[in-house]
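Okay, so here's the structure we're looking at.
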Ligand SMILES: C[S@@+](CC[C@H](N)C(=O)[O-])C[C@H]1O[C@@H](n2cnc3c(N)ncnc32)[C@H](O)[C@@H]1O
């Protein structure tokens with residue numbers, strides 16, 4: 001259990017089928033007629049047969065008790081949801097063109113974050129303000145004809161889910177044990193691996209002449225967010241700019257395996273590319289390709305096909321340029337995730353103008369995208385392409 005003193009927040013995790021079933025059985029017993037169960041159900045396709053069957057029975061139990069039971073489904077699973085709940089008049093459903101990177105339930109006095117891969121898991125968050133916030137968010141969506149995407153504020157609260165202790169438990173169920181072990185090996189050399197340019201030329205990653213280059217891998221919670229986000233958005237074709245030792249690449253690739261997808265990653269420094277290649281081999285993952293060279297040259301020369309997701313984590317000063325090169329490669333509805341807005345925001349001003357700018361007439365913002373900043377670690381901006 002994880003608790004945060006000031007907020008009086010308690011987080012419990014339940015992982016694996018056995019704990020999942022037990023939790024839902026207790027919940028069904030605990031709920032009373034005056035209670036409610038509101039779910040955003042957009043990850044249903046990840047549920048296996050017996051979980052689906054179990055949840056169907058759970059909703060029938062709620063019907064017997066006359067509990068206010070509502071679900072907002074992602075439109076893509078409308079047919080399946082209607083079929084599953086056709087024998088239950090108590091459950092009220094709405095279908096929306098909805099994209100939220102997390103499975104969410106508000107019930108009784110708590111928020112539940114649900115996931116189905118690699119095994120079902122529940123992160124139970126007991127936090128009054130978060131609970132109220134998500135109740136309002138659910139009702140706002142329920143009463144609106146349009147889908148209201150997560151607001152900045154709601155996304156900010158979403159970070160509560162990424163509690164290391166909670167994720168650690170879930171990680172223990174992973175099928176990619178070897179890949180996870182490789183990420184831990186990279187963590188061990190994070191502070192000791194060093195490289196000094198032989199030439200004195202001022203170049204990428206070398207802000208000061210003679211500066212020592214390190215790995216600069218993302219923190220683990222950002223890496224886990226990347227993996228979770230890849231699974232939740234069902235991204236299959238992923239491009240990463242800035243490989244280093246391949247730490248974030250491995251998390252992206254672990255996520256992509258659930259979608260039968262793959263990751264192409266770009267790295268300019270040969271020494272790092274060699275290190276990453278070794279790590280990819282060790283990880284046993286077969287869905288990674290590495291291209292060595294400058295991102296700009298590679299983006300101009302190579303054909304990538306339409307991408308679902310791009311992770312930008314290289315030379316910040318060129319993000320604006322990459323944005324222009326990447327937009328034609330990104331499919332409508334796809335995402336660009338960019339790291340380091342909190343520590344290197346000043347170096348990516350043109351990028352920020354494009355993705356975060358205001359909607360005022362003279363703003364530099366690109367109207368084909370909408371963005372949210374997630375206050376995780378060094379600041380992660382999630383940008384979605386809404387128009388071609
Ligand atoms: C912050 S590190 C990447 C860390 C990695 N994403 C992770 O979290 O494990 C940035 C990497 O981008 C590489 N890089 C910098 N400029 C580049 C460019 N123009 N083209 C390709 N790679 C570049 C650097 O050599 C460095 O390894």
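From the square roots a ≥ b ≥ c of the eigenvalues of the alpha-carbon gyration tensor of region 255-297, which class results: rounded (a/c under 1.5), prolate (a/b over b/c), or oblate?
Because a/c hits 1.5 or more and a/b fails to exceed b/c, region 255-297 counts as oblate.
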Response to the item:
In terms of the alpha carbon gyration tensor, root eigenvalues a ≥ b ≥ c, rounded if a/c is under 1.5 and otherwise prolate when a/b exceeds b/c or oblate, region 177-385 is oblate
Item to complete: Answer rounded, prolate or oblate for region 274-364, using the Cα gyration tensor with square roots of eigenvalues a ≥ b ≥ c: rounded when a/c is under 1.5, else prolate when a/b is larger than b/c, else oblate.
Response: prolate
Discussion item. Based only on other Cβ atoms within 10 Å, what is the fewest-to-most ordering of 289, 145?
Written reply: 145, 289
Discussion item. Given points 7 Å out from each Cα along the Cα-Cβ axis, report the residue 57 to residue 80 separation in nanometres with one decimal.
Written reply: 2.1
Response to the item:
Taking 0.36 nm per residue of separation between residue 184 and residue 297 and subtracting their Cα-Cα distance, the length gained on full extension comes to 37.5 nm
Discussion item. If packing is taken as the average number of other Cβ atoms within 10 Å across a peptide's residues, how do 377-388, 259-270 rank, most packed first?
Written reply: 259-270, 377-388
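Read the figures in this text as sums done on the coordinates, not as results from a lab. All values derive from a computational prediction rather than experimental measurement. For neighbour counting, all protein chains shown are included, and Cβ atoms are generated from backbone atoms with ideal geometry for every residue, glycine included.
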